[in-house]
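The values are calculated or read from the model by the stated rules, or taken from the named source; none is laboratory data. Remember, predicted model here, so these are calculated numbers, not experimental data. Here the Cβ is made from the backbone with ideal geometry for all residues, glycine too, and neighbour counts use every protein chain on show.
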Amino acid sequence: MFVRSLSLKDFRCFGSLGVDFSPRVNVLYGENGSGKTNILEAIFTLCIGRSQRGATDTALVRVGTQGYRLEGEIETGGLLQEAEIAYQEGRRRRVRLNASEVKQAELFDRFCIVSSGPEDSNILSGGPSVRRLFLDLYLSQLSRSYLSDLSEYRRALSQKNAALKKEMDPTPFDPLVIEFGSRIIRRRGRFLSKLEQEAVQHYMAISEGESLQISYQPSVQCDAACNDQESIERAFDEALRENTYKESVLRTAVVGPHRDEISFSIGGLPARTHGSQGQWRTAAVALKLAVYELLAQKRKLRPVLLLDEIFAELDARRVSKLTELFDGTGQLFLTTAGEPPMQLPNDSRRFRLEDNQVKEIS
């Protein structure tokens, strides 16, 4: 699939903008703060209805305005589709496909996109919520049922937490928390097992032999792969019983996939405490390339790939190894303050960002 065009109004730093893209490689040049990342964020939001950086709709609105609008043409499976995302303060976000209003979940079904940027180092160095967001964002593109289970789990969890805060009996909500939470844990375990196989290879290729390990640590005890649904449900039920008093004191649920963790090790040492900026960045890119491969295999299409200043904090050797991995990708967006360290195809397009405007470079 590829994004053929994008037009936006009052999104981040841009008042009004329209751009046509190459189906192959698109390079966005500009100084820091020129809006390169905002263009990538607009593309990502157009494709699946949310920012890859976790920003709220309010944060996406240009300062001094009350809403934003994104429109674009996206080609997938030989079909050209018109997508629109519109938000107005005080109202819910509106999503349209081919002029018909749809739910956001429909975008996850239709389109597929992977983003890698400086913020991804937080997957290795940040808190658990960053890693859970990473899982949810890409597993939802991989599986519509995961997105549905996640929505149902959050609804049941919200109801349980509301009961705990009011000092009411929360146990009527536990069966739903267990049912949907166990499905999430099982899918996360299977996904991370496959992701590790791909990511380890990419990381070793970029770093020339350095090792990367990924370990899933669900808040509910299960086997290493978390494959058996019934076993997870039994363990979940037992954990809830063991933490009944703790939850009543804290007035919040402490067991479930909202408390899951993923640990990363580089060279046998914990990445969060012992990794360097370059190692975090390399591992983050390896993870996103692995996600790209898994999505391409499952969805039978090549996702759009957004690469935001990915060469920063990487030495020349790692940059060279990394660029060798781009040959098998589909549409690629690359931001840089200088010349990209790679040979661009003849059908690539180059854009200069300056004064909140985008101009194509011939």
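For segment 92-103, state whether one or more residues are touching a Leu at 6+ places or on another chain (Cβ under 6 Å) and outside the structural domain of Ile266 (by TED's automatic domain parsing).
Checked against the condition, which is being touching a Leu at 6+ places or on another chain (Cβ under 6 Å) and outside the structural domain of Ile266 (by TED's automatic domain parsing), segment 92-103 yields no hits at all.
Going by the structure shown, is Gln297 among the polar types (S, T, N, Q), touching a residue at least 60 places away in the same chain (Cβ under 8 Å) and either surrounded by fewer than 16 Cβ atoms within 10 Å (Cβ to Cβ) or in the same structural domain as Phe108 (by TED's automatic domain parsing) (or both)?
So Gln297 fails the test.
Which one of these does Glu71 not meet: (1) outside any loop (DSSP other than H, G, I, E, B); (2) touching a helix residue (DSSP H, G or I) at 6+ places or on another chain (Cβ under 7 Å)?
(2) is the only condition that Glu71 fails.
Yes/no matrix, rows are residues, columns are (1) out of contact with any helix residue (DSSP H, G or I) (no Cβ under 7 Å at 6 or more places or on another chain); (2) under 30 Å from Tyr216 (Cβ atoms); (3) among the polar types (S, T, N, Q):
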{"site": "Gln297", "(1), (2), (3)": "yes, yes, yes"}
{"site": "Val319", "(1), (2), (3)": "yes, no, no"}
{"site": "Ser348", "(1), (2), (3)": "yes, no, yes"}
{"site": "Leu353", "(1), (2), (3)": "no, no, no"}
{"site": "Asn356", "(1), (2), (3)": "yes, no, yes"}
{"site": "Glu360", "(1), (2), (3)": "yes, no, no"}
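Of everything in segment 242-297, what is of a type in the set (Ser, Thr, Tyr) and under 26 Å from Lys321 (Cβ atoms)? Give them in sequence order.
Within segment 242-297, Ser263, Ser265, Thr273, Ser276, Thr282, Tyr292 meet the criteria.
Are there any pairs with C-beta distances below 7 angstrom linking a residue in segment 230-246 that is under 16 Å from Arg183 (Cα atoms) and at pLDDT below 95 to a residue that is part of a helix (DSSP H, G or I) and among the basic types (Lys, Arg), with the two at least 6 apart or on different chains, and if so which?
Ile232/Arg186
Within 28 Å of Glu119 (Cβ to Cβ), outside the structural domain of Ile310 (by TED's automatic domain parsing), in contact (Cβ under 8 Å) with a residue 60 or more places away in the chain and in a loop (DSSP other than H, G, I, E, B): which single residue out of Thr252, Thr282 fits that description?
None of the others qualify; the one that does is Thr252.
Can you name every residue in segment 255-279 that is under 30 Å from Lys160 (Cβ atoms), assigned to a helix (DSSP H, G or I) and not charged (D, E, K, R)?
Passing the criteria: Pro257, His258.
Any idea which of (1) within 30 Å of Lys298 (Cα to Cα); (2) surrounded by fewer than 19 Cβ atoms within 10 Å (Cβ to Cβ) is the one Ser16 doesn't satisfy?
It is condition (1) that Ser16 fails.
Residue by residue, here is whether (1) surrounded by fewer than 20 Cβ atoms within 10 Å (Cβ to Cβ); (2) not hydrophobic (A, V, I, L, M, F, W, C) holds:
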| position | (1), (2) |
| --- | --- |
| Gln66 | yes, yes |
| Thr76 | yes, yes |
| Gln81 | yes, yes |
| Gln104 | yes, yes |
| Asp120 | no, yes |
| Gly126 | yes, yes |
| Leu133 | yes, no |
| Tyr146 | no, yes |
| Leu150 | no, no |
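Scanning segment 306-327 for residues that are within 17 Å of Phe2 (Cβ to Cβ) and without any contact (Cβ under 8 Å) to a residue 24 or more places away in the chain, which turns out surrounded by the most Cβ atoms within 10 Å (Cβ to Cβ)?
Phe326
If you scan segment 146-171, which residues turn out to be among the polar types (S, T, N, Q) and either closer than 16 Å to Gly256 by Cα or without any contact (Cβ under 8 Å) to a residue 12 or more places away in the chain (or both)?
Ser151, Ser158, Gln159, Asn161, Thr171
Here are the criteria: (1) exposed (fewer than 15 other Cβ atoms within 10 Å of the Cβ); (2) within 23 Å of Tyr153 (Cβ to Cβ). Tell me which single one Thr273 does not satisfy.
With (1) exposed (fewer than 15 other Cβ atoms within 10 Å of the Cβ); (2) within 23 Å of Tyr153 (Cβ to Cβ) applied to Thr273, the lone miss is (2).
Six or more apart or on different chains, Cβ under 6 Å: which pairs go from a residue in segment 128-144 that's within 13 Å of Arg188 (Cα to Cα) to one that's among the basic types (Lys, Arg)? Could you list them?
Partner pairs satisfying both residue conditions: Leu135/Arg188; Leu142/Lys298.
Could you grab me the full set of residues in segment 87-100 that are of a type outside the set (Lys, Arg) and buried (at least 16 other Cβ atoms within 10 Å of the Cβ)?
Once the filter is applied, which keeps residues that are of a type outside the set (Lys, Arg) and buried (at least 16 other Cβ atoms within 10 Å of the Cβ), segment 87-100 yields Tyr87, Val95, Leu97.
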